[in-house]
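Visitor: After the structure tokens below, expect a handful of questions from me.
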Amino acid sequence: MAESLNARQASKKTMAIILAGGRGSRLHQMTDTRAKPAVYFGGKFRIIDFALSNCINSGIRKIGVVTQYKSHSLLRHLQAGWSFLRNQFNEFLDLLPAQQRIDEVHWYRGTADSVYQNIDIIRDHRPQYILILAGDHIYKMDYAKIVLDHLQHGGPLTVACVPIPKEQASAYGIMSVNDDGLITSFDEKPKNPQTMPNNENMCLASMGIYVFDAKFLYDVLYEDEQTEESSHDFGMDIIPRLVSRGLAHAHDFSISCVCNRAKNQIYWRDVGTVDSFWAANMDLASVTPDLDIYDQDWPIWTYQMQLPSAKYVQDLNGASTILRNSVIAAGVIVSGSSICSSVLFYNVRVHSFTFINEVVAFPDCIIHRGCRITKVILDRGCELPRNLVVGENKEEDERRFYRSEGGVTLITRRMLADLRKKEPWLFENFEEYCQYGN
């Protein structure tokens, strides 16, 4: 009971800052019009919903979201879906776009600078602890537990860490930790990473989650601002500098992870590539997914349109739809087709005689009659012409669309517009059958 009370008190004294300004360039055309945290995920969510939901479920209701790159879609989502916090109860969601608050020269130059440029706003809320979060990872975590861990070891900085395979380490900050939990070394995106003492195939990676004593963070950010050679980034500059001074402790993610009870294993995904994004969605469509989004004790909140239930009708010959291991959102209508291991977002339309396998279809997509698509991501609003085949001919897919190293084909509206110019015969009578359906 005492620990629970301390957790509540710690959460009330904590302000979360979610860094949501990243470009997400490795997601290629998926981030042409939106920031990575605004990318759709799992049939109804946006990626940022996971960090925000973790805050709400952890009792942290003072939240700032830092935005910069192509933020319109993200801001619109936050305003529509996350406006339920009440200022009367000292709850808020502050939107912090880059606006040159410190000077009229620089936009956000790095993750640390994005916090520094909003330091006056943060100070006004008078938090005792500041929780820095990345807005582009998929996971469920009780932040109250990392804040409690921070209080127990008594240091000014705590860094959440998770074991990852050595071959992935070059994309993360890699650390070494002594028996007391003190971080003894930190290398950002190393070419030759230090492995864990008990497993030469695994490395200990930073999750991009930091807890600072508020006053200490203000001093650190001011010092960093005065350092000319700094890139003003937490991973590149702030954390290595504090590790070298013996001021950073590690937090084991297994302590605070909200696990799938059926599997009891930690889950954290950086869906930063087309292949990893597709695989994380495919996990949700499996029989026993690693990520439990059906846990009513730790719900994932999001904006929801008022839509009718999904509907499955017969095809033109009276045959029924075949549906296996798939996630189907509200507003979807499927006419006599075969759908296997796929994730269909809201308002997707699938017409007759279509075969869909391992597909992620963002909202408002239309798949016309006779298409066969395998291992595909359809960006929002894509409309595929009749009888289009994707996922069966590598060379053809690469010529028409974007194809990843793992064999996932990404299709966007712009790609389809270009295809219509190059191969107009694929779109013969397109307007006619779009008007009357099929």
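The values are calculated or read from the model by the stated rules, or taken from the named source; none is laboratory data. Please read these numbers as outputs of a predicted model, since none were measured by experiment. Ideal geometry is used to build each Cβ from the backbone, glycine not excepted, and the neighbour counts take in all protein chains shown. Side chains are part of the model used for accessible areas, which takes the heavy atoms of the whole protein and leaves out ligands, DNA and RNA. Shrake-Rupley method; radii C 1.70, N 1.55, O 1.52, S 1.80 Å.
Visitor: Across region 273-297, which residue is surrounded by the fewest Cβ atoms within 10 Å (Cβ to Cβ) among those that are under 20 Å from the mean Cα position of the chain (by Cα), of a type in the set (A, V, I, L, M) and part of a loop (DSSP other than H, G, I, E, B)?
Guide: Ranking the qualifying residues of region 273-297, first place goes to 293.
Visitor: Follow-up question, since we're still on this one. Only one of 412, 374 is surrounded by 21 or more Cβ atoms within 10 Å (Cβ to Cβ) and either of a type in the set (Ser, Thr, Tyr) or out of contact with any Leu (no Cβ under 8 Å at 6 or more places or on another chain) (or both). Can you tell me which?
Guide: The conditions single out 412.
Visitor: Restricting attention to region 417-428, and to residues there that are touching a helix residue (DSSP H, G or I) at 6+ places or on another chain (Cβ under 9 Å) and of a type outside the set (Phe, Trp, Tyr), which single residue is most open to solvent (accessible area, probe 1.4 Å)?
Guide: Residue satisfying both the conditions and the ranking: 422.
Visitor: Please identify the pairs in which a residue from region 32-56 that is without any contact (Cβ under 8 Å) to a residue 12 or more places away in the chain has its Cβ atom under 9 Å from the Cβ atom of a residue that is in a helix (DSSP H, G or I), counting only partners at least 6 apart or on another chain.
Guide: From region 32-56, no pairs qualify.
Visitor: Output the number of the condition that residue 29 fails; it satisfies all remaining conditions of (1) open to solvent by less than 30 Å² (accessible area, probe 1.4 Å); (2) at pLDDT 90 or above; (3) under 17 Å from the mean Cα position of the chain (by Cα); (4) of a type in the set (S, T, N, Q).
Guide: (1)
Visitor: Of everything in region 214-226, what is in contact with a Lys or Arg (Cβ under 9 Å, 6 or more places away or on another chain) and either more than 21 Å from residue 126 (Cα to Cα) or not acidic (Asp, Glu) (or both)? Give them in sequence order.
Guide: Keep residues of region 214-226 that are in contact with a Lys or Arg (Cβ under 9 Å, 6 or more places away or on another chain), which gives 214, 218, 220, 223-224.
Those that are in contact with a Lys or Arg (Cβ under 9 Å, 6 or more places away or on another chain) and either more than 21 Å from residue 126 (Cα to Cα) or not acidic (Asp, Glu) (or both): 214, 218, 220, 224.
Visitor: Return the residues of region 412-432 that are assigned to a helix (DSSP H, G or I) and out of contact with any Pro (no Cβ under 9 Å at 6 or more places or on another chain); say none if nothing qualifies.
Guide: 413, 414, 415, 417, 418, 421, 422, 424, 425, 431, 432
Visitor: Scan region 233-248 and give yes if some residue there is among the charged types (D, E, K, R), open to solvent by 30 Å² or more (accessible area, probe 1.4 Å), under 28 Å from residue 11 (Cα atoms) and out of contact with any helix residue (DSSP H, G or I) (no Cβ under 6 Å at 6 or more places or on another chain), otherwise no.
Guide: The answer is yes; a qualifying residue exists.
Visitor: Further question on the same structure: Any idea which residue in region 68-100 is most open to solvent (accessible area, probe 1.4 Å), counting only those that are of a type in the set (Lys, Arg) and more than 24 Å from residue 127 (Cβ to Cβ)?
Guide: Quick first cut of region 68-100, residues of a type in the set (Lys, Arg) only: 70, 76, 86.
Checking which are more than 24 Å from residue 127 (Cβ to Cβ) leaves us with 70, 76.
Details: 70: 90, 76: 129 Å².
Looking at the filtered set, the residue picked out is 76.
Visitor: Kindly indicate whether residue 169 is small (Gly, Ala, Ser), part of a strand (DSSP E or B) and buried (at least 17 other Cβ atoms within 10 Å of the Cβ). Walk me through how you get there before you give the answer.
Guide: Working: small (Gly, Ala, Ser): yes; part of a strand (DSSP E or B): no; buried (at least 17 other Cβ atoms within 10 Å of the Cβ): yes.
Criteria not met by residue 169.
Visitor: With 255, 266 as the choices, which residue is assigned to a helix (DSSP H, G or I), open to solvent by 30 Å² or more (accessible area, probe 1.4 Å) and farther than 20 Å from residue 356 by Cα?
Guide: 255
Visitor: So which of 160, 112, 144 ends up being crowded, with 20+ Cβ neighbours inside 10 Å, modelled with pLDDT of 95 or more and in contact with a His (Cβ under 7 Å, 6 or more places away or on another chain)?
Guide: Values: 112 fails: modelled with pLDDT of 95 or more; 144 fails: in contact with a His (Cβ under 7 Å, 6 or more places away or on another chain).
Answer to the check: 160.
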